[in-house]
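Beneath this line is the structure, given in structure tokens, with notes to follow.
The values are calculated or read from the model by the stated rules, or taken from the named source; none is laboratory data. Remember, it's a predicted structure, so these values are computed and weren't measured experimentally. Cβ placement follows ideal geometry from the backbone for every residue including glycine, while neighbour counts extend to all protein chains displayed. We work out accessible area using only protein heavy atoms, side chains counted, and drop any ligands, DNA or RNA first. Shrake-Rupley method; radii C 1.70, N 1.55, O 1.52, S 1.80 Å.
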Amino acid sequence: DDDYTDGSTNYTGEYASAKLTWQPSPSHSIFGNYMIDPIDIPDLYAYIGYNNRTQSADNLREQGGNAFIAEWTGVMSDSVFLTFKYNKKEAPLNNIPNTIDTNYYTWANGGLYFGGSTSEYYTNRNHDIYAGTFTKFLDTASGSHELKAGLEYYDIALDRYSESYPSNTYIRMDGGLDDLDLWYDKYEYTDEGRRGWNNTTQNSVVLYLQDSWRVNANLTLNLGLRFESLQDKANTGEAILDFGWGDRIQPRLGFAYDLNGSNIHGSIGRYH
């Protein structure tokens, strides 16, 4: 009784944001921003153009999430200021079966799918970023400098649960409508074979130093050096990627030259 979809569907999205800027004193300012963008897409396969499965064999897609940014800036003197920023983002991505307790069927020769859903998929994708900078302006006999040092910490987590045939039964039918006999293969999956949640993490620390050196009225040099440490951990807690401070050293060099109103510039650097 369940009709095949016509390859079209609608989705609902919610978008909202709030921003706050506060200057409690002439030397200190605080900025905050909060955003949400959850989206629900019913009948996901119909939405992306498939019309060979019934609604019961389709999925609801949940995506989007929320993000929060907070930043503090402090002017410590005429030539020194500090900043600290915190950024949090939560962006789950879920494919929820329309039907779980019904066997999943596929008619191989006809390329049709009906009954229960093919799969289910859930993720928690969380990012936490902490960043601070120190900036100093300096005038010397060899030109003016904007010196900056920064420290960043990234804490990224991906929790994922993915299973095929959540009804635990997959029935593949062969043959055609004109065949006298329509035979099938039946596959059954047990809960013991399910993998469950897979939790992976990535943590990295970044330190960078840079100097925007205005040599004279025409020439500016941009000098920088960036260090990174990074560790990825698998579901078992074992580090599958482990880079120390000496493994990811990244020098940067750039210049800009004002030639009678025309600007000549270039740069070279190493990136990971």
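Give me the pairs: first residue in the stretch 253-271 and touching a residue at least 24 places away in the same chain (Cβ under 8 Å), second residue aromatic (Phe, Trp, Tyr) and open to solvent by 80 Å² or more (accessible area, probe 1.4 Å), beta-carbon distance under 9 Å, and six or more apart or on different chains, which are they? Matching pairs, first to second residue: SER267/PHE255.
Residues in the stretch 165-197 that are surrounded by 14 or more Cβ atoms within 10 Å (Cβ to Cβ) and either outside any loop (DSSP other than H, G, I, E, B) or modelled with pLDDT of 90 or more (or both): THR169, TYR170, ILE171, ARG172, MET173. Quick check: is even one residue across the stretch 38-61 touching a Pro at 6+ places or on another chain (Cβ under 7 Å), in a strand (DSSP E or B) and either basic (Lys, Arg) or at pLDDT below 95 (or both)? Yes - at least one qualifying residue is present in the stretch 38-61.
What are the residues in the stretch 114-123 that are surrounded by 15 or more Cβ atoms within 10 Å (Cβ to Cβ) and in a strand (DSSP E or B), if any? Result: PHE114, GLY115, GLU120, TYR121, TYR122, THR123.
Kindly indicate whether any position in the stretch 144-158 is under 36 Å from the mean Cα position of the chain (by Cα), at pLDDT below 80 and open to solvent by less than 50 Å² (accessible area, probe 1.4 Å).
no
ASP2 fulfils the conditions (1) at pLDDT below 95; (2) surrounded by fewer than 16 Cβ atoms within 10 Å (Cβ to Cβ); (3) out of contact with any Phe, Trp or Tyr (no Cβ under 7 Å at 6 or more places or on another chain); (4) charged (D, E, K, R) except for a single criterion, (3). Scanning the stretch 230-272 for residues that are small (Gly, Ala, Ser) and open to solvent by less than 80 Å² (accessible area, probe 1.4 Å) gives ALA234, GLY237, ALA239, GLY244, GLY246, GLY254, ALA256, GLY261, SER262, GLY266, GLY269.
Exactly one residue out of GLY13, GLY32 is under 30 Å from LEU60 (Cα atoms), touching a strand residue (DSSP E or B) at 6+ places or on another chain (Cβ under 7 Å) and either open to solvent by less than 50 Å² (accessible area, probe 1.4 Å) or at pLDDT below 95 (or both), and it is GLY13. Only residues that are under 17 Å from TYR153 (Cα atoms) and in a loop (DSSP other than H, G, I, E, B) were counted in the stretch 226-272, giving 3.
Of the residues making up the stretch 75-113, those that are more than 30 Å from TYR130 (Cα to Cα) and open to solvent by 60 Å² or more (accessible area, probe 1.4 Å) are ASN98, ILE100, ASP101, TYR105, ASN109, TYR113.
Only one of the numbered conditions (1) out of contact with any Gly (no Cβ under 7 Å at 6 or more places or on another chain); (2) not in a strand (DSSP E or B) is violated by THR99, and that is (1). Scoring ILE48 on the criteria (1) crowded, with 16+ Cβ neighbours inside 10 Å; (2) under 21 Å from SER164 (Cβ atoms) leaves a single failure, condition (1).
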